[in-house]
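Read the structure below first, then the notes.
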Amino acid sequence: MPALWQLLPVYRCVDSVPEPQMLADVEATMLLGSGARPLVEDGLRFHDEIKEAFRTNGEPPYRTHAIVGHGQPTVQSVRIQGLEVAYPRRYRSRDYLGDGTVARFAAVPAEWSDDADAIPVWQKHGSLPNHKYVRDLVWTKANAIDVGSILSPPVKIGLDVPEVATTDSPLPVVVTANRPNLRIMIRLKTLAGDLIRQQTATFDGDDRYSAALPAPPGIWLVEVQPVGETTLSCVTEAVAVIES
């Protein structure tokens, strides 16, 4: 059952001098049994694949809520002394505790730099899933509400630019919005999306904003978008500027 070997510690859990070692780095048949090395290496390779996928793909498109057992005596390393094997409840002379099965530092994703975002529950490993606080917490996470639509409603904007303009005067841009005193950025872009220039609109009152944007001859996209606000979408319009 390869999955069992994938549950082995992937950190340097073997207490040795001068530095701790990985399970795959030690020769100790009394620890895992004869012929265990290929299975140990395969289990560690599984975790290496996960790490490589994270490095390649970056942050996942979902949020991670790590609910971890805490405050319980937990085996955190293994020490081999001759033919004897000991399982200290400490790692490098420090007791990090855990949930009785998983040490505190091993209970969060390997890509996390610390466990500050973990949610600790003072409970043992086997009883953790049925803990009332954990069940309530999972329900809360699964039924989260969108507070942004209440506390900070999306900005709705409209755009008015001429279809054709000339180079003898700046391109007039008028923006309407459902909120006053916004910082609205107006951008002139190529049809491929490359930025030509940008300018902040001026608030004229009555939910109206305006700007005069110098534009060279050509066919351009005018894009408007509030800065630092939730918005349904940026608004764009094509305009042709001809030589005067």
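Scanning the stretch 161-215 for residues that are of a type in the set (Gly, Ala, Ser) and in contact with an Asp or Glu (Cβ under 6 Å, 6 or more places away or on another chain) gives Ala177, Ser210. Within the stretch 176-191, residues that are assigned to a strand (DSSP E or B) sit with their Cβ atoms under 7 Å from residues that are among the acidic types (Asp, Glu), at 6+ positions apart or across chains, in these pairs: Thr176/Asp207; Ala177/Asp207; Arg187/Glu223; Lys189/Glu223.
Only a single item in (1) farther than 17 Å from Leu7 by Cβ; (2) within 20 Å of the chain's Cα centre (by Cα) is not met by His70, and it is number (2). No other residue among Ser113, Ser169 is at pLDDT below 95 and more than 30 Å from Val68 (Cα to Cα) apart from Ser169. Only one entry in Asp146, Asp204, Asp168 is among the acidic types (Asp, Glu), part of a loop (DSSP other than H, G, I, E, B) and over 28 Å from the mean Cα position of the chain (by Cα), namely Asp168.
Identify, from the list Pro20, Pro9, the residue that is modelled with pLDDT of 90 or more and either more than 33 Å from the chain's Cα centre (by Cα) or surrounded by 14 or more Cβ atoms within 10 Å (Cβ to Cβ) (or both). First the steps, then the outcome.
On the way: Pro9 fails: modelled with pLDDT of 90 or more.
The conditions single out Pro20.
The values are calculated or read from the model by the stated rules, or taken from the named source; none is laboratory data. Here the structure is a predicted model, which means the values were calculated and not measured. Positions of Cβ are backbone-derived with ideal geometry, glycine not excepted, and every protein chain shown enters the neighbour counts.
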